[in-house]
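Beneath this line is the structure, given in structure tokens, with notes to follow.
The values are calculated or read from the model by the stated rules, or taken from the named source; none is laboratory data. Being a predicted model, the structure only gives us computed values, none of them experimental. Positions of Cβ are backbone-derived with ideal geometry, glycine not excepted, and every protein chain shown enters the neighbour counts.
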Amino acid sequence: MEKFSNVLMTLRDFFLRIAETGGALVLATLTVYLLLGNSAGSFAISVAETVANFTAKVTPAAVLGLAVILAMSYLLRKQGK
């Protein structure tokens with residue numbers, strides 16, 4: 001059982017690293033777009049448009065729900081340690 005738990009923790013860490021890398025790539029691309037504007041290139045412009053469309057479609061209730069879930073997750077992890 002301990003070995004299975006270690007495998008799950010390794011997989012979780014791996015997927016978290018992938019998510020962090022993807023988020024950093026999006027933030028770097030948005031920074032390039034903010035600095036260069038429309039001359040940043042088609043990739044940076046499409047990423048900026050996608051992020052703008054996504055943020056326009058997210059409702060305040062969804063943001064509040066996500067904040068509550070993240071806060072509960074943080075508190076439960078902190079309490080478990």
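Numerical summary
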| read-out | value |
| --- | --- |
| Any hit, region 11-31, residues being surrounded by fewer than 11 Cβ atoms within 10 Å (Cβ to Cβ), out of contact with any strand residue (DSSP E or B) (no Cβ under 8 Å at 6 or more places or on another chain) and of a type in the set (Val, Ile, Thr) | yes |
| Selected residue [under 14 Å from the mean Cα position of the chain (by Cα) and either polar (S, T, N, Q) or at pLDDT below 95 (or both)] from Thr10, Thr55, Thr31 | Thr55 |
| Restricting region 44-81 to residues that are of a type in the set (Gly, Ala, Ser) and closer than 22 Å to Val26 by Cα, the residue that is surrounded by the fewest Cβ atoms within 10 Å (Cβ to Cβ) | Ala56 |
| Of the criteria (1) surrounded by 10 or more Cβ atoms within 10 Å (Cβ to Cβ); (2) on the phi < 0 side of the Ramachandran plot, which one Gly41 fails | (2) |
